[in-house]
Amino acid sequence: MSFYNQIEPFIEFVHSIRKLENYLTFDMVFPVKWSLPKSIIDENQVVGFEAKDSNYKGVSFVTPITDHDISTTLTKVAKIIRLNKERELKDRLFKETVEQLKATFEKTDLDKLQNLYFDFESENKLDIIDDKIDLDEQYENEPINVKLAEPGDTKRPKKSGNRQRTDGATNKENQ
């Protein structure tokens, strides 16, 4: 991968790149509100500097000149940018949603508002779906004949101990 391809995703934040003896320094400028998570950065390899614009802060990432160290540093810089951009988008979405809720509360009567709830899809639901037992798999991938309820039926069909397979053979339910 070329050097340009590695820095292109965050070129807008690059202030300068310098060589200092056996080290390469990536001088970046980020908005003042951005954070530098301690879980991502190594404090011994990060030095602050004053940016020309007061709305930005300067951060120098110092790394030994090796393929692995430079790649690791650029990955950390990319994570910092991604996390902060995501946080900005979430903040903007939150503010927009609050404004929409305010408008909804102003226009909607109390009875309807008392039934208001929020439901979010969760990643855990996918895990639950994956864990469900597939009946076809249980019976060696042979489909099971299922009798559907007729219109007007009010009772469920009785469970039998045997299930009828399409080939006419029977399988015990509790095998």
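The values are calculated or read from the model by the stated rules, or taken from the named source; none is laboratory data. Since we're looking at a predicted model, the values are computed, not measured. Cβ sites come from the backbone with ideal geometry, for glycine too, and all protein chains shown count toward neighbours.
Values as computed for the structure displayed
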item: Answer residue from the stretch 18-53, given it is in contact with a Leu (Cβ under 9 Å, 6 or more places away or on another chain) and under 11 Å from residue 63 (Cα atoms) and is surrounded by the most Cβ atoms within 10 Å (Cβ to Cβ) among those; result: 26
item: Neighbours by Cβ (under 6 Å, 6+ apart or cross-chain): first from the stretch 2-31, closer than 15 Å to residue 52 by Cβ; second among the acidic types (Asp, Glu); result: 15/27; 16/27
item: The stretch 110-125, subset among the acidic types (Asp, Glu) and within 19 Å of residue 97 (Cα to Cα), residue modelled with the highest pLDDT; result: 119
item: Residues within the stretch 37-67 that are free of Cβ contacts under 8 Å to residues at least 12 places away in the same chain and under 19 Å from residue 9 (Cβ atoms), tallied; result: 1
item: Residues of the stretch 71-90 that turn out to be more than 12 Å from residue 37 (Cα to Cα) and buried (at least 17 other Cβ atoms within 10 Å of the Cβ), as a count; result: 2
